[in-house]
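First up is the structure itself, then whatever we jot down about it.
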Amino acid sequence: MNAEICLKKLGYVGVLNFATVDSSGAPQIRNISAIHFEADALYFFTARGKEFCKQLLRDGRVQISGYTMYKESIRLSGRAVPVPDDEQEKWINTIFSEQPYLENVYPRDTRKIGIVFCIRGFSIEYFNLGVNPIFRETYEVGGVNAEKKGYEITDACIGCGKCARVCPQNAVEKVNPKPFRIIQEHCLHCGNCYENCHVKAVVRRG
């Protein structure tokens, strides 16, 4: 698995959730299918008069999520920027050719009310709930540094093994020189080890 494959999977999902915040900081989410995928970028179309467009122009940060039929959750976090004016027509035509239904929504020249944004620097969180143990991984594209999430076991660990016994995915293993460690790719981020560690050796990452 890698970022390029994740983008392909999002393309197969088709309709994705795009989340932003409005001017008061309230969460906003909408479904978008007017999307074109490249190996390392994502282009999408919206209308300039929409609140969605205003939010993107004001801040640019957006989170995109999709869920596959194989129980795979894919979440992309990045900053959207309008493509240059002299490239707008090219990308609008590309998206309309790939999504023929858009002709019914914006017939003839009304597509000119649209604007195409591009996301190049981003992180992707891949989370597969359809396997046992679960599998998760984070990919970084375009120089973005993704925030670390979940938990880790520090040197304060006394080796009692309580964290391993309460982990629902058996994602805690005994190693040397530390008594225990969390296998990050199998961690649910549920916090059960954190809540059950009597010596506070389990800490949040990031």
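Only the coordinates and a few stated rules stand behind these numbers; no lab work does. In this text, all values refer to a predicted model and were calculated from it rather than measured experimentally. Neighbour counts are summed over all protein chains in view; Cβ atoms, including those assigned to glycine, are modelled from backbone coordinates with ideal geometry.
Between the amide H of Arg120 and those of Arg79, distances stay under 5 Å, these residues lying 5 or more places away or on another chain, with hydrogens modeled in the peptide plane. Taking the Cα centre of the range 151-204 as origin and assigning +1 to Lys and Arg Cβ atoms and -1 to Asp and Glu Cβ atoms, the resulting dipole is close to 140 debye.
Ordering Cys187, Phe117, Leu57 by the projection of their Cα atoms onto the charge dipole of the chain, which places +1 on the Cβ of Lys and Arg and -1 on the Cβ of Asp and Glu, puts Cys187 at the extreme positive end.
If you work out P(r) over Cα pairs in 5 Å bins from 0, in percent from the coordinates, which of (i) 1, 7, 15, 20, 22, 18, 12, 4, 1, 0, 0; (ii) 1, 7, 14, 15, 15, 13, 10, 8, 6, 4, 3, 2, 1, 0; (iii) 1, 7, 12, 14, 13, 10, 7, 5, 4, 4, 5, 5, 4, 4, 3, 2, 1, 0, 0 do you get? Correct label, based on the coordinates given: (ii). Angle of helix 3-13 to the longest C-alpha principal axis of the chain, folded into 0 to 90 degrees and rounded to 10: 60°.
Gaussian network model of the chain, Cα springs within a sub-10 Å range: biggest mean-square fluctuation belongs to which of Gly25, Gly159, Gly121? Judging by the Gaussian network model, the answer is Gly25.
Among the cysteines of the chain, those whose beta-carbon sits 4.7 Å or more from every other cysteine beta-carbon are Cys6, Cys53, Cys118, Cys157, Cys160, Cys167, Cys187, Cys190, Cys197.
Compared with the dominant Cα axis of the chain, that is its longest principal axis, helix 85-98 is turned about 80°. What is the sum of charges around Arg181, taking Lys and Arg as +1, Asp and Glu as -1, for the other residues whose C-beta is under 10 Å from the C-beta of Arg181? Taking every Cβ under 10 Å from that of Arg181, the sum is 0. A cut-off under 14 angstrom between Cβ atoms defines the neighbours of Arg79, and their net charge, with Lys, Arg +1 and Asp, Glu -1, is +1.
Using the Cα centre as the reference, give the magnitude of the dipole from point charges on the C-beta atoms of the chain (Lys, Arg: +1; Asp, Glu: -1; all else neutral), rounded to the nearest 20 debye. Spell out each step's value before the answer.
Working: 27 positive and 23 negative charges, 147 e Å.
My answer is approximately 700 debye.
Taking a sphere under 15 Å around the Cβ of Thr110 and counting the other residues whose Cβ falls inside, with K and R at +1 and D and E at -1, yields a net charge of +2.
With only Lys, Arg, Asp and Glu charged, each at its Cβ (+1 for the first two, -1 for the last two), find how big the charge dipole of the range 116-179 is about the Cα centre; round to the nearest 20 debye. Walk me through the numbers before you get to the answer.
Details: 8 positive and 7 negative charges, 41 e Å.
Magnitude of the dipole: close to 200 debye.
With unit charges on the beta carbons (Lys and Arg positive, Asp and Glu negative) and the dipole taken about the Cα centre of the chain, which residue among Val21, Met1, Ala201 sits farthest to the positive side? Of the options given, the answer is Ala201. Here the simple spin-label model places points 7 Å from the Cα toward Cβ, and for Val83 and Lys174 these points are separated by 5.7 nm. Taking 18 Å as the cut-off for C-alpha to C-alpha distance, list the pairs among Lys178/Lys200; Lys8/Lys54; Lys71/Lys174; Lys9/Lys71; Lys162/Lys200 that go past it. Check vs 18 Å cut-off fails for Lys8/Lys54; Lys71/Lys174.
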